[in-house]
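Single-structure report; data block below.
The values are calculated or read from the model by the stated rules, or taken from the named source; none is laboratory data. Predicted model, so just to flag it, every value in this text is computed and none were measured. Using ideal geometry, Cβ is built from the backbone for each residue, glycine included, and neighbour counts are taken over all protein chains shown.
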Amino acid sequence: MKLTTKILIGLGLGALTGIILNVFSPELFPVLDKFLFTPLGKIFINLITMLVIPIVLFSIILGTAGLGDPKKLGRIGFKTISYFLATTAIALVIGILLAFLIKPGLMGQFDTSGAEFEAEEAPPISETFLNLIPVNPFEALTTGNMLQIIVFALFIGIALSSLGDKTKGILSLVEQGNEVMMYLVGIVMKFAPYGTFGLIATAIGSQGISAIKAMGVYMFVVVLALIIHAVITYGSAVYFLGRKNPFWFFKGISPAMGVAFGTSSSNATLPVSMESAQKNLRVPESVSSFVQPLGATINMDGTAIMQGVATIFIAQVYGADLTLGELTTVVITAVLASIGTAGVPGVGLIMLAMVLQSVNLPVEGIGLILGIDRLLDMARTAVNITGDAAGAVIIAESEKKHLEKKAVRSPKRLANERSIEYSE
């Protein structure tokens, strides 16, 4: 049985158990919640939280080091990274605005007494930017200051890339550490069905039908944001920057979107996505082979939308009014986190825990959206790979003149190349 099926079964059983206890046996619910439901949910949340810092550190170091020497990234690298970061920021804004407009967290009444949460006054925006650079990186790691950890990891990645063979041992160690973390993510996600059962049973058992309504509205907001971002943001980018018909684009990338929806993994979909871009969208292989693998690593617009909507949803549930500074922190953290979000199922939840911690919201709030996150994960993965393909189309169009110049070589250069070939 696939993990998705198990999580859905856990979701259904948890919801059914919660409803039955809430309606027919409310006196039995506190006992079962204390000794069964809450422990299951708490163990899963703790497992997720345990992996946050090492995953962020290792994956962002590797993602940055994989870009190569910043001085040698060149024209394509700069345009590609700028496009990905810009669309991720737009995705976050769309998700946050829709969450504020529809207010899914206010659609139901939730019992939040079980989670310890005390809102703290957010620092000014200027202080937020000044505090990006850690004075003591080890203190940032031990205290879980995610923005400082991300910045520190970026510096380490740049250094490893610049030093090359001198630090290949350290780079290999980081790669192995990342592999260990990904392995642990797989183990943790195997516990997800049981954690889902406990968290959903607690949520619905304590709040009843209103919780189902609120989570349904949350799901609607995320899906609506994904559709708006895919159609308007990507469609407009392909039309105005890529000079292509958006309908032609979506038709060409549709096979990859189907695979992404089924696998919930950008990495697993990458071969199909590149084939669709090269054959159906006529993206040159040199551009596709650079832009799309890079996008599978740092372009996670669908995940960013989920993080933005989920953060506002959880803040509304807990009655926390996020300030402009805190919203800015959410955007910065989520955009930077997209660089290190691995293209495998389940990591988005770990990154969400990081975003919640950055604005002092309780990680336990993930339990409210965990049950339906697997379904949303499928949709946002499809959006992620669509954004990668849109970026490839746009970069290919912007590089058309350079590619044509490269293809049309002078007779003298051609003769020199032939003489070298013959001598070899």
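Every residue, every condition in (1) surrounded by fewer than 16 Cβ atoms within 10 Å (Cβ to Cβ); (2) over 22 Å from residue 351 (Cβ atoms); (3) modelled with pLDDT of 85 or more, yes or no:
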| position | (1), (2), (3) |
| --- | --- |
| 135 | yes, yes, yes |
| 142 | yes, no, yes |
| 146 | no, no, no |
| 151 | no, no, no |
| 156 | no, no, yes |
| 163 | yes, yes, yes |
| 171 | no, yes, yes |
| 181 | no, no, no |
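Quick one: which residue in 101, 62, 97, 36 is in contact with a Gly (Cβ under 8 Å, 6 or more places away or on another chain), modelled with pLDDT of 90 or more and part of a helix (DSSP H, G or I)?
Being in contact with a Gly (Cβ under 8 Å, 6 or more places away or on another chain), modelled with pLDDT of 90 or more and part of a helix (DSSP H, G or I) holds for just one of 101, 62, 97, 36, which is 36.
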Does the stretch 221-234 include one or more residues that are at pLDDT 90 or above and over 30 Å from residue 107 (Cβ atoms)? no
Only one of these conditions is not met by residue 71: (1) over 18 Å from residue 348 (Cα atoms); (2) under 24 Å from the mean Cα position of the chain (by Cα); (3) at pLDDT below 75. Which number is it? (2)
List the number of the failed condition for residue 337; all other conditions in (1) buried (at least 23 other Cβ atoms within 10 Å of the Cβ); (2) at pLDDT 80 or above hold. (2)
Residues of the stretch 370-424 being modelled with pLDDT of 75 or more, among the charged types (D, E, K, R) and farther than 30 Å from residue 203 by Cβ, which ones? 388, 397, 399, 400
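What helices (runs of 4 or more DSSP H) lie completely within the stretch 135-247 and have 2 or more residues being in contact with a Leu (Cβ under 6 Å, 6 or more places away or on another chain) and touching a residue at least 60 places away in the same chain (Cβ under 8 Å)?
146-163, 168-190, 192-207, 209-228
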Would you call residue 202 of a type in the set (S, T, N, Q) and closer than 19 Å to residue 33 by Cβ? yes
Give the stretch 127-156 a look and list any residue that's touching a Gly at 6+ places or on another chain (Cβ under 7 Å) and over 18 Å from residue 334 (Cα atoms), or say none. none
